[in-house]
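This report refers to the structure that appears directly beneath it.
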Amino acid sequence: MPLTVETYPSVAEAGRALAAAPTSRFFGGGTILMRAVNDADPSFDTLIRSTDPALTAIRSQADGVSLGAGVTMAMILAHRDAAFLAPVARVVGGPQVRAAATVAGNLFAARPYGDFAAALMALGATAEMSDGRRQPVDDLVRGSAKGLVATITVPRPRDGLRFHKVSRVKPKGVSVMSIAAVVPGAGGRVAGARIVFNGMGPQPQRALAAERALEGEPLGPQSIMRAAAAAADGFTPQDDALATAWYRSAVAGVHLRRLLEGPR
Amino acid sequence: MARTPIEFTHNGEEKAVFVDAGQNLLDVLRRGVGDLTPKYGCGQGTCGACTVMVDGAPRLSCLTLAQEVAGRSVDTVAGLASRPHQALQDSFMTHFAAQCGYCTPGMLMAAETLLRANPRPTREEVVEAISGNLCRCTGYEAIIKAILSAAQSGGLLRTG
């Protein structure tokens, strides 16, 4: 069946069209979907696009930033109000990929991609869907929520975003793993830490055991050592061309320890 | 199959072509416009041989939906000689920065994008700028030197 491309002026209309046609895919930056188009992937027959300018808008808010779903990594790097996300956007692909890859697309990017999604999860970002629903980006990453993302609201972390990408090729190389962590404190003790690993399973995932090891403790050598020891708990990493599952499990704690010991 | 008419600026000239649904920009440039300078390498966005500029930004033409460039400006190596950073081509020759030559058009486009935004890049910035382009002859050092040399010479005029 030949491919059809449908273009809608608003993201709401695109969302309705997407919901009505199970064999359609939303076309964002194209870095992932265009590969399937080039390969004549038979699992879809319709590409849905939207020219809605809201999709590429970056809006500053009192306590964070609102990103249109089609905001690219390059747009984030060029915008002052999104500067706290720049260290993450900078390590996604090379310049050509960053000019096309979108923030919402990264939520659905298969392993080993998803470094930006991991950061959004650690920051507690929420997605507003084209039908007005709001949901944590975690649910979209897990696949437990469906629909077309319109905007992503990202709180600006008062205690900073810690982020580290482990890759074998510099400066551009896919992740062996990446870690995003927000470690808020209250009265000198950790309260509500969010640590997310990408590359340690099918999609980015919270390191709940490591978070528990830090909760209520001062962020210091003892708690960091306990968090590092628990870093791989609850993960089922896989073997691939980049690293074995064993290797990933073995080094996850080392990288988490370095990230937590370093400057935020 | 439904074909869609699109108009865009190609190396400063207005072009009007029909594109198939799902056709990528690389295919349209090579088969529709007849510009063979962007190369088909991996077709997966990994090698950078198909790099072109769309409104001044580096894009992988193999992963760009042709319909997306309607009304926009697409620059390729075919037009580089008539643009301000033409010295890049001479610098690539002077520094023997092309071995088999397959990656060269993509490297030149990545370099032109860099020099447009940053006329005096550091070595690290050059390395970053070509990080999305693979050279399987592994001639990276010559390519880096060529770009730095073009930048130092102003990158504006032919040297030969």
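The values are calculated or read from the model by the stated rules, or taken from the named source; none is laboratory data. All values derive from a computational prediction rather than experimental measurement. Using ideal geometry, Cβ is built from the backbone for each residue, glycine included, and neighbour counts are taken over all protein chains shown. We work out accessible area using only protein heavy atoms, side chains counted, and drop any ligands, DNA or RNA first. Shrake-Rupley method; radii C 1.70, N 1.55, O 1.52, S 1.80 Å.
The number of residues in the range A:63-98 that are outside any helix (DSSP H, G or I) and within 22 Å of residue A:148 (Cβ to Cβ) comes to 10.
Looking across the range A:233-253, just one residue is among the β-branched types (Val, Ile, Thr) and in a helix (DSSP H, G or I), and that is A:251.
Please tell me if residue A:85 is aliphatic (A, V, I, L, M) and under 24 Å from residue A:164 (Cα atoms). Yes, satisfied.
Of all residues in the range A:1-48 being basic (Lys, Arg) and assigned to a helix (DSSP H, G or I), which is nearest to the other protein chains (Cβ to nearest Cβ)? Of everything passing the filter in the range A:1-48, A:35 is nearest to the other protein chains (Cβ to nearest Cβ).
Given the conditions (1) in contact with a strand residue (DSSP E or B) (Cβ under 8 Å, 6 or more places away or on another chain); (2) buried (at least 22 other Cβ atoms within 10 Å of the Cβ), report the number of the one that residue A:235 does not fulfil. Unmet condition: (2).
In summary, residue B:141 fulfils each of the numbered conditions (1) of a type in the set (Asp, Glu); (2) at pLDDT 95 or above; (3) over 17 Å from residue B:58 (Cα atoms); (4) in contact with a helix residue (DSSP H, G or I) (Cβ under 9 Å, 6 or more places away or on another chain) with the single exception of condition (4).
The test for being within 13 Å of chain A (Cβ to nearest Cβ) and either more than 12 Å from the chain's Cα centre (by Cα) or open to solvent by 10 Å² or more (accessible area, probe 1.4 Å) (or both) holds for residue B:128.
Just one of (1) surrounded by 15 or more Cβ atoms within 10 Å (Cβ to Cβ); (2) over 23 Å from residue B:33 (Cα atoms) fails for residue B:106. It is (2). Please work out if residue A:219 is within 28 Å of residue A:111 (Cβ to Cβ) and either open to solvent by 20 Å² or more (accessible area, probe 1.4 Å) or in contact with a Cys (Cβ under 6 Å, 6 or more places away or on another chain) (or both). Spelling it out, it is not the case that residue A:219 is within 28 Å of residue A:111 (Cβ to Cβ) and either open to solvent by 20 Å² or more (accessible area, probe 1.4 Å) or in contact with a Cys (Cβ under 6 Å, 6 or more places away or on another chain) (or both). Out of curiosity, is residue B:101 under 15 Å from the mean Cα position of the chain (by Cα), over 15 Å from residue B:8 (Cα atoms), open to solvent by less than 30 Å² (accessible area, probe 1.4 Å) and not polar (S, T, N, Q)? Yes: the conditions hold for residue B:101. In the range A:190-200 there is no residue matching the filter, namely being assigned to a loop (DSSP other than H, G, I, E, B) and polar (S, T, N, Q). Report whether or not residue B:52 is in contact with a Lys or Arg (Cβ under 9 Å, 6 or more places away or on another chain) and either more than 16 Å from residue A:31 (Cβ to Cβ) or open to solvent by 20 Å² or more (accessible area, probe 1.4 Å) (or both). No.
Counting the residues of the range A:254-264 that are among the charged types (D, E, K, R) and not in a helix (DSSP H, G or I) gives 1. Checked against (1) touching a strand residue (DSSP E or B) at 6+ places or on another chain (Cβ under 8 Å); (2) part of a helix (DSSP H, G or I), residue B:27 passes all but condition (1). Residues in the range A:83-91: is at least one among the charged types (D, E, K, R), closer than 30 Å to residue A:159 by Cβ and within 14 Å of chain B (Cβ to nearest Cβ)? Scanning the range A:83-91, I find at least one residue that is among the charged types (D, E, K, R), closer than 30 Å to residue A:159 by Cβ and within 14 Å of chain B (Cβ to nearest Cβ), so the answer is yes. If a residue must be at positive phi and crowded, with 22+ Cβ neighbours inside 10 Å, how many such residues does the range A:140-172 contain? Number satisfying all stated conditions: 0. The single condition from (1) in contact (Cβ under 8 Å) with a residue 60 or more places away in the chain; (2) farther than 18 Å from residue A:73 by Cα that residue A:118 fails is (2).
To keep it simple, each residue is scored yes or no on (1) open to solvent by 30 Å² or more (accessible area, probe 1.4 Å); (2) over 26 Å from residue B:132 (Cβ atoms).
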site	(1), (2)
A:35	yes, no
A:43	yes, yes
A:48	no, yes
A:54	yes, yes
A:61	yes, yes
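All of B:11, B:24 fail the test of being within 14 Å of chain A (Cβ to nearest Cβ), buried (at least 17 other Cβ atoms within 10 Å of the Cβ) and of a type in the set (S, T, N, Q), apart from B:24.
Which of the residues belonging to the range A:14-33 are open to solvent by less than 70 Å² (accessible area, probe 1.4 Å), in contact (Cβ under 8 Å) with a residue 24 or more places away in the chain and over 30 Å from residue A:86 (Cβ atoms)? Scanning the range A:14-33 gives A:17, A:18, A:21, A:24. Note on the range B:38-122: enclosed strands (runs of 3 or more DSSP E) holding 2 or more residues that are at the interface with another protein chain (Cβ under 9 Å from one of its Cβ atoms) are B:51-54, B:57-60. Counting only strands (runs of 3 or more DSSP E) that sit wholly inside the range A:106-188, those with at least 3 residues that are under 19 Å from residue A:256 (Cβ atoms) and among the small types (Gly, Ala, Ser) are A:177-182.
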